[in-house]
Every structure is written in structure tokens, then in C-alpha cells.
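Since the structure comes first, as C-alpha cells, the remarks are kept for the end.
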Amino acid sequence: MEKDADCCQDGAKTMPGAGLGTEGTETQLDDFVGAHPDYNEEEEEQKYFRRKRLGVIKNVVAASLAGTLTYGVYLGLLQMQLILHYDETYREVKYSNIQLEDIDHKVLMGINVTPVAALLYTPILIRFFGTKWAMFLAVGIYALFVSSNYWERYYTLVPSAVAIGMVIVPLWASMGNYITRMAQKYYEYVNYKEEQERVRAPRDACNAYIIIFQTIFYSCFHLSFVCAQMPMVFFLNNYLYQLNHTLFAVKHCGTLSHGTLPGFNKTVLQSLPRSVNLIVVESALMAAAFLAMLVVLVLCGAAYRPMEEIDMRSIGWGNIFQLPFKHMRDYRLQHLLPLFIYSGFEVLFVCTGFSLNYGVCTLGLEKLAYLLMAYGFSASACSSLALSMLRLRRQIPLLAGAVIHAGLLVLLFCWAPEPRQQAQAPLLYIVAALWGMGSTLNKTGISILLGMLYKNKERQDFIFTIYHWWQALAIFAVYLSSGLPMKAKLSMLLLTLVVAVGTYLWMERKLARRVEYRLPRLPRPRHKPCGYRYLEEDNSDETGSEDGGDQQDGRESPAGAARGDEQPREDGEQLG
């Protein structure tokens, strides 16, 4: 009994020590887990959003570089192969029994005809894969087109050309959507405190970033016309005849010409390039196309958060299919359609009509690359003029580009240069440079305008799809009319330009007068009970109230319409 009492006393004596040990352990744990004494939450938050902003800039530069490489490789390879296949000796010696000229016609038809159906599947493709992965898929198909030229046969060239035609609209629609979305994200990261405090941003808040990022993109993109001439400058020009041979039978140039350079010699190569040299050039182009794929894959981040992409897909594929057609009931898009069409007309005209019937007809085929390089350098440098939208009204750059092109079209309509007269080279280079200035003001201005008018991130893929689809239709029309006289082509361009300017100014006037416009409602996302998703019963084919920008814009006073912001009068119809 005494031993037990002593043991109890000893245990009682040790209890205070045990309590002190527990308190010491808790103190050490707090020191280990708790905030560092030098930790500054606001400073760390600033560093986090600074990294986010740098990531957005990296995405814009990477997407611009990928677009430049992709289009430059495609245009350069197509130009080189068409020149090689045009030569009778090359066709007879290397491909005597496969009718290569007929295959080229089918290739061009596949590239120009297939985009006519792009409006039916482009929004579905972008929503299914996501914006970034749609870009990656399209760039990969462009690389497939390059690889098909290693073995030039009907069953390699024509299917790859059809595949290219299928992804032309998805590629540039997703690019335009991606750049606009990056501008919106950059604004969110700059003004993250307002987002946290739920302070509503001004209506024109992200316009400055849309202008800057679209300018960066088009400054890089127009360099693709320069990159496309590298195979010709460093390789093909070494094998070409001089102009006295190739233009011997050409009688008329410029406005007096008909079709595509009639009388041009059927033999343009003074010696045939070796197959191994062609393989080296095509391998370099393939490497550039593969680099573009890697840039999109590794350096381009996602345009939307995963949950946002799931929500955008879950509105129903039937609705996604219908929404581009329903958006075209908006009078703003209807008034911009002639501008979209002219944008397609002018870019193909400068690459074919002007370059061949004016440039090659006067200076020879060996100067074609330098003429297009003058156009590309001028367009890239003058893209910075679009930054004037930061200070001036947005109409001014678009109208300036239209005035430049109108003056050049009148000049070209009255000008018939003499064949083989190289003394007229300075004027041709000036015309190419000025055309590049007007072209970049046109294209950059349209993309900026669409980003300003349609700020809702759930609509932008539809809007850019409509823009690039009409542009593709215009290119198809120019392809069909390639046999017309030059005066007819110039008249069609000038008429389209006048109509485009008139309808655009009419749209701006209606916005200034606060005329309401129609936008289809975006259905609510239909959520399925899949793990982390919550269950919400909803019919994907019914029109629902929108969340985000459009619903709020619809409650605003119509004063914002004068500034071109999205202020819809939504349709109350079913989308099913």
C-alpha cells in the first residue's frame, strides 16, 4: 500500500512536466506551420499576378510565331511547287505519266472549295477540342500537307489539300479567338483587386489590350509573306530563266491583260533541280512546320479554364451548330459582311493578280519573291499604325486603309505597264508597300473591331468563325474568277470596297443612334453528375438566361452602343 501511494505521488509530480512538454510541442508546431515573420501577402499576390501577365504575353507571342511559321511554310511550299509543276520540261522528265498539271488544279480546288462548308463544323470542332487544341490540330494538318510533297502523287497531294481546306477556317478562327481571349485575361490579371472586390469594370476596360495584342499578332503574321519567299530566294531563283525568255510572247500587262498572265512561256527552268536538293528544301519546311506544332503544344497556354470549356460544350451540339447562323441576324455583322468579303478579295488579288499581271509581267518571275517581300515587310511594319485606335476613333484606321486601297485600285485600273520594262520597278515596289499598309489596317482593324463589339467570351468563337468563313468564300470567288479580264477584277474589288465602307459607316451611325441589335441567347450549361460536377437538370435545347457579360450588358443603358460595346436585345426563341 505504501508503495502504491509513493507511485501515485511520483506520478502527480511528473504531470506538470508533461503539460509543459505538450505546450512546448504546440509552440514548435506553430513556429513550423505558421506564417513566416517576413511574409508579405500583398507582395506575394503581386508577384503571382505578374507571373500570370508574363504568361499571357508569352501565349500571345507564341501563337503569333506559330501562325507566322505555319502560313509561311504553306505559302512558300505551294508557290515553289506550282512554279516547278508549271514547267513542261520538269513535268515530262520527272512525272511524265501522272498528269501533274491536272493534279495541281485539283489541289487548288481542294484548298479553295472545301472551306465553303466550314461554317457547319468549325464551331463544333473548336468547342470539342478547345481553342488551343483546335489550333494544334490545324497546324498539324498543315504539316501533313508539307510531308505529302515528299511523294508527289494524286493520292498524297489531293487528300492533303482537301484536309488543308477543311482546317483553314478553324485555324484562323481559333487564332482570332485566342488572341482576343488573352487580351481579356491580361486585363483581369492587371485589375485583379477589382475582381476580388467584385467591382464591375468599365465597359471599354479591355479595349486597349485587344488593340495591342491584335497589333502584335498581325505584325508577326504578315512576316509570313516574307518567310514564304525564302525557298524561292535561296533555291528556286538559281534555276529560273531570265525575263527575256519567260516573257518573250507576253504582249499586254496590267489593266490590258486577261486571265493569269497569257503568253507566259511554258518553260521557266533553265536547269532542273536535283531531287536531293528538293528533299533538303522540303525537309527545312517540314522542320519549320514541326517547330510551329511544338510552339503551340509547349508554349501556348489554354484560352479557357477547364470548367469553362466543359460549360461551353455542355450547351448542346445542336445549339453550337445553330448559333453561328443565328448570330448573323445581328445587324452589326450584317453590315460588316462586305468588309469581310473585301478582306478575302484583296489578299488573294495581291498574291495573284497584282504579283503576276503587273509584277512578273514587267520584272520577270525572278523578281516575284522580292515584290511579295516588300508587301510583307510593309504590312508588318504598318501594323503598328493600328495602335492609333488607343487615341483616335476606331473608324479612322479602317477608313485610312480603305482610302489607300481605293487610290491604288484607281491607279491600277489606269495603268498598263510595258512587258520586260524593269525601269518601272520602283513604282511596282511602292504600290506593293502601300497595298501592304492598307491590307494590315484592314485586317488588324476588323479583328480589333470584332473584339470590341463582342466581349462575351462564349460568343467569340462564333464571331471569328463567321468572319473567316466569309473571307474564305471571297477567296473562293476570286479563284473562280481568275480567267476574267483585269479591268473586271479591279472593278469588282473597287465596288466591294465602296459597299464595305458604306455599310460599315452605316453600322457606326446606327450604333451612335443607339439602335438595338439582336443576339441569340446562350443556353445554360447542362451539367451531368460526373464526379466533381454538380447535378443540375436542364434542357440543352432550351434558351436560358445568360451568365456574364451579355446578361449584364442587356441591363445597361443603351449609351454603350455608341461606343460599340455589346448591349444585346436577346431573342426569346428556342434554339432547338
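The values are calculated or read from the model by the stated rules, or taken from the named source; none is laboratory data. In this text the structure is predicted, and so the values were computed from the model without any measurement. So basically every Cβ, Gly included, is an ideal-geometry build from the backbone, and we count neighbours across all protein chains shown. For the accessible areas, the whole protein counts, side chains as well, though only heavy atoms, and no ligand, DNA or RNA atoms are used. Shrake-Rupley method; radii C 1.70, N 1.55, O 1.52, S 1.80 Å.
Taking square-rooted eigenvalues a ≥ b ≥ c of the alpha carbon gyration tensor, is the range 46-513 rounded, prolate or oblate, where a/c under 1.5 means rounded and, failing that, a/b exceeding b/c means prolate? Because a/c hits 1.5 or more and a/b exceeds b/c, the range 46-513 counts as prolate.
Size descriptors for the range 294-378, from the alpha-carbon set: Rg then Dmax equal 21.1, 58 Å. Backbone phi angles across the range 367-383, fed through the Karplus curve with coefficients 6.51, -1.76 and 1.60 (θ = phi - 60°), yield HN-Hα couplings of 9, 4, 4, 5, 5, 5, 5, 4, 4, x, 5, 5, 4, 5, 5, 7, 4 Hz in residue order; Gly and Pro are listed as x. Across the range 322-329, rounded Karplus estimates of 3J(HN,Hα) from the backbone phi angles (6.51 cos²θ - 1.76 cosθ + 1.60, θ = phi - 60°) give 7, 4, x, 5, 5, 5, 6, 7 Hz, Gly and Pro being marked x.
Surface composition of the range 52-123: carbon plus sulfur atoms contribute 63% of the solvent-accessible area (1.4 Å probe, protein chains only, all chains present). Evaluating 6.51 cos²θ - 1.76 cosθ + 1.60 at θ = phi - 60° for every residue in the range 406-415, the Karplus couplings come out as 4, x, 5, 5, 5, 4, 5, 5, 9, 10 Hz, glycine and proline recorded as x.
If packing is taken as the mean number of other Cβ atoms within 10 Å per residue, what is the order of 490-498, 179-187, highest first?
179-187, 490-498
Between residue 240 and 270, the built amide H atoms are under 5 Å apart, and every one of these is 5 or more places off in sequence or on another chain.
Figure note: 251, 510 ranked by solvent-accessible area, largest first, 1.4 Å probe, ligands and nucleic acids not counted: 251, 510. Amide H contacts for residue 519 (H built 1.01 Å from N in the peptide plane; partners 5 or more residues away or on another chain; cut-off under 5 Å): 569, 570, 571.
With contacts taken as Cα pairs under 8 Å at a separation of at least 6 residues, the range 305-441 carries a relative contact order of 34 percent.
What does the C-alpha gyration tensor say about the overall shape of the range 144-269? Classify as rounded when a/c is under 1.5, otherwise prolate if a/b is larger than b/c, or oblate.
Values: a/c = 3.31, a/b = 2.33, b/c = 1.42.
Judged from the Cα gyration tensor, the range 144-269 comes out prolate (a/c at least 1.5, a/b above b/c).
Pairs of Cα atoms nearer than 8 Å and 6+ residues apart set the relative contact order; for the range 46-513 it is 26 percent. When peptides 237-247, 270-280, 64-74 are ranked by their average number of other Cβ atoms within 10 Å per residue, the highest-first order is 64-74, 237-247, 270-280.
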